[in-house]
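Below you'll find the structure, written out as structure tokens, and then a few comments.
Computed from the coordinates by the stated procedures, all read-outs in this text should not be read as laboratory data. Not measured: the values here are computed from a predicted model. No Cβ is skipped: glycine too gets one built from the backbone with ideal geometry, and neighbour counts run over all protein chains shown.
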Amino acid sequence: MTVTPQDRSRAKIRKGPRRIHINSGGTLRDRHVHAATHRSPTPPIQAYGEEVLSPTTDSNFDAASGSDSTKLPQNCGCCFTKSCQAEHPSCHRTMANFLKKFDHFLSRSFYRLGVFISYHYGYFIMIPVFLTAIMATGFQNIVYQDDPEYLFAPTTGGAKDERALIENYFYLNFSSDFHPSRITRTGRFARFIIVAKDGESLLRQNVWDEIIEVDRLVHTVEAHLEDDQVARYKDLCAIWDGQCYENDILDLHDLMPDIEIGNFSLNYPLMINPQTFETYVFPLFFGGIQLSNTSTIESAKALSITYWLKNNHRKEDEAAGIWEQALLKALNDRDFETIEVARFVSRTLETELENNTNSVIPYFGVTVVIMVVFSVVTVMMGDWVRTKPWLGLMGVVSAALACLASFGFLIYIGLEFIGINMAAPFLMLGIGIDDTFVMLAAWRRTNLQDSVPERMGTCYAEAAVSITITSITDMISFYIGAITPFPCVQIFCLYTGMAVVVTYLWHVTFFGGCMALAGYMEKNQRHGVICTIKVKPYSEAKDDGCCYNTFCSGGISETDPWNPMDNKEHQLMVFFRDYVARLLNIPAIKALVVMIFLLYLLGACWGCTMVKEGLERRRLSRYDSYSVRFYDLEDQYFRDYPYRIQVVITGDLDYSNTTTQDQLIELHQKFENLSYVAGALYTESWLRAWLGFLDRNQEYLELNVTEEEDFISNLREIYLSGPANPYAQDVTFNEDFTRIIASRFIIQTYKILDANDDKDMMETLRKVAEDSPFNVTVFNPFFIFFDQFVLVRTTSIQAISLAAGVMMVISLIFIPNPLCSLWVAFSIVSIEVGVVGYMTLWDVNLDSISMINLIMCIGFSVDFSAHISYAYLAAKVDTPDERVQECLYGLGLPILQGGLSTILGITALIFAPSYIFLTFFKTVFLVIFFGAVHGIFLLPVLLSVLGPGSCSNKAKQDSLPPTATRAIGPPFYTQGKPPITMQPDSSSLKIPRPHSIAAHNGSAVSPMTLASLGNKGAFLTSAASSTDKSKKGDGANYDKDLGLGTSGEESSESSLSKGVANRRGGPDIVSGCGGRPPILEVYSNNGYISDDLEVEERRSQERCLDGLGKWEDVRRSYHSPSKSLDSSRPSASLNRSSSHMSRGHRIHSSRSRSESREGSAAFPRYGQRSSSGPRGHYHDRH
């Protein structure tokens, strides 16, 4: 009976594959596994991944004894030692069964989902679009967060607690008693660093005149507020002593003529102005100071002046912000002749964060165009029916819709939006295109002659599991990042993690619906680009002209679906198998790869020792920002005396006690003796000043300060009273002014040259405070940002370790082999070390931005490594060298394309003038590059040397005699030597007829290939060596897509091979029950031999096989009068096979299983995975 494509397309989905049983009498017996509920002239379709077992074919059943005698294969690779397997067989078996059942469950579930989508693809296309439209409306409620302190300061940092404590005792009023040394928040301000354009000293009359012009400009700038109000600096300035807090250093203008000609000298470091009696601490104002031999200032290259504004409440804060913008605009419009003014205002960081976001938006469109072109070109094929350019476009559309939906949903529930989130769409485009490649590759691996529902089910059973694994790893990586103490990392990871989830869902639903629609067009021979016209296949378009053959032909012929002209092998995949893999299998090349890896690891470790921690403020600005010049000048001239540090003492202390006073003075000295502190000259201490005042004036004032009450009373009335007294802000009394509950003094830091010094200085000061017998707190407003320097390393290590551990568990679940999982973990660690080391050499600090990428890269790095390891483990070959060929054949090209798609998705970030987005590009590029190199070169070498089965370099013969070889051909056996092409001689066809497995006592039975006879002779495929296998690419059509994508012209899955050997697994010998002989099982969905009324007669023949122990002639098996069978059915099947093979197509058949079975070395134990069967996922094996 001939099965037409129309019959196959009308086939109903049933629960099992066709099994054709060849019993020892040579009779073909057919039945539906899982008790098919109806009989149809069309072959049934197996529910994908569903295992078929007879009651007596369990892998643990001993046919000879009739008992369950489990024996683990010696080289199964599931444990490190044989003794472990022998000591814990039940644990090993339980875990293996659980993983196998879980794998089967996923495959069956996705198979049914794919079939369901194929019948209702319209709903799956429209519903995601509708949901996206609804959730995208959430953007109208967007709350943009750009406060740098909130975003980049860790929530668990100590500085926030320190600030809260200080503000509890000391309140700084910007409207009355402002002093910059005592601020706890930066507030609103404008700071200028002024240098001469000629690079010389500022101490010149003409230069100082323009400095005064800058001051006048500041005082005259107007801010237009609400209700048509106009505010100037005098209306908004912070107040000290009843007037604006001014830069007294500008009063040197009156002395500048004398200073320039040398009649007046500026004493360093302190000097009192003889005209105004103001005290100048020159290191706080001047930078680049050159001193004379007498410690007088000869020149000063830079001047720092600051204008402070009030922000006690929201209205003042808003007005100050408007004035800052007006001031920046005025300075941009003003050009000075002799000076350069570098400016910085309190809103600069916020503005720069917003500018960073805006800088990358124009490149988003360019990236979309690049990704569309890449995806469309990659999925194009020379076959104009099977080409899928529109699906390439829909892959990009699906990722874009997912970003809109996920972002809109999170904005709806009130999550703040930050500028860094703009990097997420670039990543999602790369991830989405990877998933597109996976699904299209799995679609092309399906049988072209099957119906669309069956192809969709098979595609989902393969691809959906793969993208589920990668999506889970990526999602978990991002959500682990969401538990870090950095709000910017938390928000970004929440948005990106949700985008990964929705991208996955949209690809399974929306893109799946589009793929089903494209499948129906392919089934109807529609042109893949124009879609409206039907075209002819190559085999039928020979006479239609070169133009038609080049641009219109494609698909398969209804009358000749197996024609080799309509199927071609992909050359790039062959290149990875026949060239890259063979090169890696050379021992010298393996040694070279390991040496290069050691050099790579050495360079990475060296880079790790040079890691700089923390996100410097300058890196939050665009490269073309005005603030960059300010940061450069600040680092150049004002790093010698950068910060004023508050040291606060709290608790119940008796300050009148001389012992307490001595301990407090000793505390002063401990801080001042630190290398990071300038010394006592720059310290502001009320206690030291008060005690000095008493020493100098005690004999005149005769004050009693021995009692606490008198001490406090005299201190308040004599020393802390009066206007403009900064020390009055350093002592806090209780409500009745009888006790001092808190006090503070101010110290000056010295030589803090970079971010690492910032961190070390802060930790050193905190250590001294912690070791003090008092309750001491140190604080500066910049400590809020310095906390990230302290926490970023530990947080990164914790998050990366947690993510890596989770990835290893996931790898062990989906790759149930400890050695492979160990190498996956090793690859993750190696890639992460490489990224950290080489990103440091690439001028990337370890900060909150790079932390995001390092956590994210855990998910990316596991993709390549896990899939290569899985492919190596699942390869159905014997030697490690062959496994390397198999895994690179299936995954070399997908890894290359997956890496390229991700890198292309972030390429536009190179052009963004922002450290934040450039860091994203650098780190993602490094992890993708290192991951691809590990997957293609290093991991195959390591697995072949120290992986499963690496102890044996020879193919296992499984007790076969020397003349026996594994057959590569249709699912039948032939006797003796490797079969060759021969003339049609039915007498040469033999079928093995053993009594039973037990009867043979382990004797070997040679596998054979049964060739069907046709008009042109028998075609017997060769049981070739591994070299022949690699040349022919046999079984390549059974490779599952284990990677991140594949070529658009993935047509190595020869349709002919699918038609001839469409099965999931090789032939198997199923143990008989109750002494019954074994039955050779063959999967075949191509020919159909229906069950009829003679089934009982066939079964009775099986029970009579015990007396037959020899090899019998095929004709006697099929046509002997003693066996009254309807021979027309098997003959039709054989003739049909012969007619297919006679068309000149080379059969890519599966290899026979020859693994050792209990009781017989010639037959594999049922349920054991053969090393020579067809390639594919493990859940396809029995």
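Can you tell me the mean projection area, over all orientations, of the convex hull of the stretch 568-619's alpha carbons? Units nm², please.
If you wrap the Cα atoms of the stretch 568-619 in a convex hull and average its projections, you get 7.0 nm².
Could you point to the residue in THR186, VAL230, ALA164 farthest towards the positive end of the stretch 131-250's charge dipole, with +1 and -1 charges on the Cβ of Lys/Arg and Asp/Glu respectively?
ALA164
Taking a threshold of 20 Å on the Cα-Cα distance, which of the pairs LYS670/LYS767; LYS759/LYS922; LYS310/LYS751; LYS160/LYS670; LYS612/LYS767; LYS301/LYS759 fall above it?
LYS759/LYS922; LYS310/LYS751; LYS160/LYS670; LYS612/LYS767; LYS301/LYS759
Which one of PRO587, VAL647, LEU598 has its Cα pushed farthest toward the positive end of the charge dipole of the stretch 575-658, where Lys and Arg give +1 and Asp and Glu give -1 at the Cβ?
PRO587
Among the GluC sites (Glu not before Pro) in the stretch 721-796, which ones are in a DSSP loop with at most 16 other Cβ atoms within 10 Å of the Cβ? Mind listing them?
GLU735
Please compute the Kirkwood hydrodynamic radius over the stretch 574-707, one decimal place, Å, based on all pairs of different Cα atoms.
Numbers: mean 1/r = 0.0445 Å⁻¹.
Answer for the stretch 574-707: a Kirkwood hydrodynamic radius of 22.4 Å.
So how do 126-134, 831-839, 352-360 stack up, highest first, on mean other-Cβ count within 10 Å?
Put in order of decreasing packing, that is 831-839, 352-360, 126-134.
May I ask for the distance between the Cα centers of the stretch 273-287 and the stretch 120-178, given as a whole number of Å?
Cα centres, the stretch 273-287 to the stretch 120-178: 43 Å.
Once you list every other residue whose beta carbon is under 13 Å from the beta carbon of ARG526, what net charge do they have if Lys and Arg are +1 and Asp and Glu are -1?
Here the count lands on +3.
Loop only per DSSP, at most 12 neighbouring Cβ atoms within 10 Å: give me the chymotrypsin sites (Phe, Trp or Tyr not before Pro) in the stretch 212-285, ordered by residue number.
Of the chymotrypsin sites (Phe, Trp or Tyr not before Pro), the ones in loops of the stretch 212-285 whose Cβ has at most 12 other Cβ atoms within 10 Å are PHE277.
Is there a quick way to get the dipole size of the stretch 270-409? I mean about its Cα centre, with the Cβ of Lys and Arg at +1 and of Asp and Glu at -1; what is the value in debye to the nearest 20?
Working: 10 positive and 14 negative charges, 113 e Å.
That gives a dipole near 540 debye.
So how strong a dipole does the stretch 635-781 carry about its Cα centre when Lys and Arg Cβ are +1 and Asp and Glu Cβ are -1, to the nearest 20 debye? Let's see the in-between values first.
Values: 12 positive and 26 negative charges, 108 e Å.
Computed charge dipole of the stretch 635-781: roughly 520 debye.
Using the crude model of +1 on Lys and Arg Cβ and -1 on Asp and Glu Cβ, and no other charge, please compute the dipole size for the stretch 301-345 relative to its Cα centre, in debye to 20.
In total the dipole reaches around 160 debye.
Which shape class applies to the stretch 378-436: rounded if a/c is under 1.5, otherwise prolate when a/b exceeds b/c and oblate if not, where a ≥ b ≥ c are the square roots of the Cα gyration tensor eigenvalues?
Numbers: a/c = 5.29, a/b = 2.89, b/c = 1.83.
Cα axes put the stretch 378-436 in the prolate bin.
Classify the stretch 335-452 as rounded, prolate or oblate, taking a ≥ b ≥ c as the square roots of the eigenvalues of its Cα gyration tensor: rounded when a/c is under 1.5, otherwise prolate if a/b is larger than b/c and oblate if not.
The shape class here is prolate.
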